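Working notes for the structure below.
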2 protein chains.
Amino acid sequence: MGKNVLIVFAHPEPKSLNGSLKDVAVERLTANGHRVVVSDLYAMNFKATADGADFLARNNAERLNYMEESRNAYENGTQAADVAAEQTKLKDADAVIFQFPMWWFSMPAILKGWVERVFAAGLTYGVGQHGNGRWGDRYGEGKLMGRRSMLSLTCGGLPSQFGPRGVNGSLDDLLFPIQHGILYYPGMDVLPPFVVYQSRRQTLDDWPRLKSEYEKRLDGLFTDGSLPFRLQNGGHYDDQQVLKPGLGAGESGTRIHLLQPGDPPQAMPATTGKA
Amino acid sequence: MGKNVLIVFAHPEPKSLNGSLKDVAVERLTANGHRVVVSDLYAMNFKATADGADFLARNNAERLNYMEESRNAYENGTQAADVAAEQTKLKDADAVIFQFPMWWFSMPAILKGWVERVFAAGLTYGVGQHGNGRWGDRYGEGKLMGRRSMLSLTCGGLPSQFGPRGVNGSLDDLLFPIQHGILYYPGMDVLPPFVVYQSRRQTLDDWPRLKSEYEKRLDGLFTDGSLPFRLQNGGHYDDQQVLKPGLGAGESGTRIHLLQPGDPPQAMPATTGKA
């Protein structure tokens, strides 16, 4: 049965490799029977800066607390129209793809701004019980549960430079703030990223191979295994949200937050439910 | 002797904790005899999105390659005026402080956009010899060499949540793309970050302590030790830019890129020189 897919596309040049990958996704997912919506942030001239203008009414006109105003506006229907429109796409989506060039080891500012503005308090953070040993519904729980997500990105460097001992830091480490901190945080499953290395060296001769590799990943968007991040509230973290002794054995850094074979089962707690 | 300090400040509310920390830095550094310039990105309504409008003339008007146009504009004086003005501040600075709230485990989009636009090709990347086993002057070399840099940030969470086994990932890992990938990349030394945790819980009672802690760090801006990241071209990475066997022993993840006691000395190579 067809699903809804949202592609958030962040590249200033439609004729770029990123633009072509976005087009491949639209074509392939549509051919596979899905309904695809693209948010082309540059073409939309999407406002990248989170500020007071994001709220049609303010709780406190004197001093801006973005989180408080975000929650207030989200709950009372006083968000900026472009933010509300993106949230509708996000809530309607069964899967979300971010298509972007890695710039300065992260996503472009226009995409980061999309996250800051669209990921409202009450929708993606500040959700669920806080206090009494609970720190909200997040990291595997939250209102975006049940959705799949994937990064599709290009990097200028060599795979070796992004490997476990590569000079840039490993791609897994570099993407952790996005994959764990942005996608998994509000409850989405996160597929392994699709990555084109040495993007400036790719030629038309490389394109059929790249296209085919990406199509395989798109074909698996609803069936491939996701990154086995641990649940915050599944029993593996203590009441200060520190990973319990004995877990993550043999690993350090961001890898300790991935389940390992033989780990004790996690309890799936009651949550606030899908938006 | 007084030095030049640039503070890049990214918070929409002047009366915020971030705004107060920025004010403390201006006052303390000035009292210490330094000259301080503040780029208040929100007050400046700084353009956050890197796009074709950043170039007053284009090499290729048909298809935007941001890196190529950035280099061309930087070399030929055809950058947007706001970009050129920020570069002048950056080149004049002996130290750079980024003051920001951690949003979604990274810097605000407006600050990321400042980096994308101001860190031009030819100034901060694409510098030095590429090819024949060299991959440019970066990671400890480059045109921003000789400058110090420091992140000063606020986080909503507990220290335990950002510790080595905390649920968010360690702060060192989360900041690695910024500290290593943005500040160290063009050659700046990077001081340990100044961090206020649980920012929303801080009260006026906490302020004298926070202020005093930050003032100590500001007093050490030109004397405190910096993070011991390895030099790219100092002999510790091989010609594919992979850390050589035996180095980083007992560590994994981003920590392998920090020098350890007993590591072989690094060769400081010839570089392009300070901008």
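The values are calculated or read from the model by the stated rules, or taken from the named source; none is laboratory data. These numbers come from a predicted model, not from an experiment. Ideal geometry is used to build each Cβ from the backbone, glycine not excepted, and the neighbour counts take in all protein chains shown. In case anyone asks, the SASA skips ligands and DNA or RNA and just uses the protein heavy atoms, side chains included. Shrake-Rupley method; radii C 1.70, N 1.55, O 1.52, S 1.80 Å.
Here are the numbers:
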quantity: For segment A:1-141, the Rg and Dmax computed from alpha carbons only, in angstrom; calculated: 16.7, 52
quantity: Net charge over other residues, Cβ less than 14 angstrom from the Cβ of B:PHE105 (K, R count +1; D, E count -1); calculated: -1
quantity: Beta carbon of chain A nearest to the axis of the rotation taking A to B, residue and angstrom distance; calculated: A:GLY253, 1
quantity: Share of carbon and sulfur in the accessible heavy-atom surface of segment B:79-214 [1.4 Å probe, %]; calculated: 51 percent
quantity: Among B:PRO261, B:TRP207, B:HIS236 the positive-end extreme of the charge dipole of segment B:130-275 (Cβ point charges); calculated: B:TRP207
quantity: Projected-area mean, segment A:82-236, by convex hull of Cα positions, square nanometres; calculated: 10.6 nm²
quantity: Chain B shape via C-alpha gyration tensor axes, a/c threshold 1.5; calculated: oblate
quantity: Rg/Rg_ref, segment A:202-269, where Rg_ref = 2.2 N^0.38 Å and atoms are Cα; calculated: 1.64
quantity: Tail beyond 14 Å, pair distance distribution of segment B:1-43 (Cα, percent); calculated: 45 percent
quantity: For segment B:56-66, Karplus couplings with θ = phi - 60° (6.51, -1.76, 1.60), whole Hz, Gly/Pro x; calculated: 6, 9, 10, 5, 9, 7, 7, 9, 8, 10, 4
quantity: B:VAL37 accessible area, assembled protein chains, probe 1.4 Å, Å²; calculated: 70 Å²
quantity: Exam field: A:THR30 pseudo-label spacings to other copies (7 Å along Cα-Cβ), nanometres; calculated: 5.8
quantity: Estimated dipole of the protein assembly as shown in Debye, rounded to 20 [Cβ of Lys and Arg +1, of Asp and Glu -1, Cα centre]; calculated: 80 debye
quantity: Between A and B, accessible area buried - total, square angstrom, nearest 100, 1.4 angstrom probe; calculated: 5300 Å²
quantity: Reachable aspartates and glutamates, given that their alpha-carbon falls under 18 Å from the alpha-carbon of A:LYS15 and they are not under 8 places away in the same chain; calculated: A:ASP23, A:GLU27, A:ASP40, A:ASP205, A:ASP206, B:ASP51, B:GLU62, B:GLU68, B:GLU69
quantity: Distances in nm from B:ALA85 to the matching label points in the other copies, shortest first (labels 7 Å along Cα to Cβ); calculated: 3.1
quantity: Under-5 Å amide H pairs with A:HIS11, H placed in peptide plane, nonlocal only; calculated: A:LEU41, A:TYR42
quantity: Rounded accessible area per residue of segment A:57-151, 1.4 Å, Å²; calculated: 32 Å²
quantity: FRET efficiency, 1/(1 + (r/R0)^6) with R0 51 Å, evaluated for B:ARG35 and A:THR88 via beta carbons; calculated: 0.55
quantity: The protein assembly as shown - Rg and Dmax from Cα coordinates, angstrom; calculated: 22.7, 71
quantity: Integer Hz, Karplus 6.51/-1.76/1.60 couplings in order for segment B:253-260, x for Gly and Pro; calculated: x, 5, 5, 5, 8, 9, 4, 10
quantity: Rounded to the nearest 10 Å², the accessible area of B:THR203 at probe 1.4 Å; calculated: 70 Å²
quantity: Label 7 Å beyond Cα on the Cβ vector: A:MET44 copy-to-copy distances, nm; calculated: 2.7
quantity: Accessible area of segment B:1-40 belonging to carbon and sulfur atoms, whole % at 1.4 Å probe; calculated: 51 percent
quantity: Mean residue ellipticity (222 nm) of chain A, computed from DSSP H runs ≥ 4 via -39,500 (n - 2.57), nearest 500; calculated: -7500 deg cm²/dmol
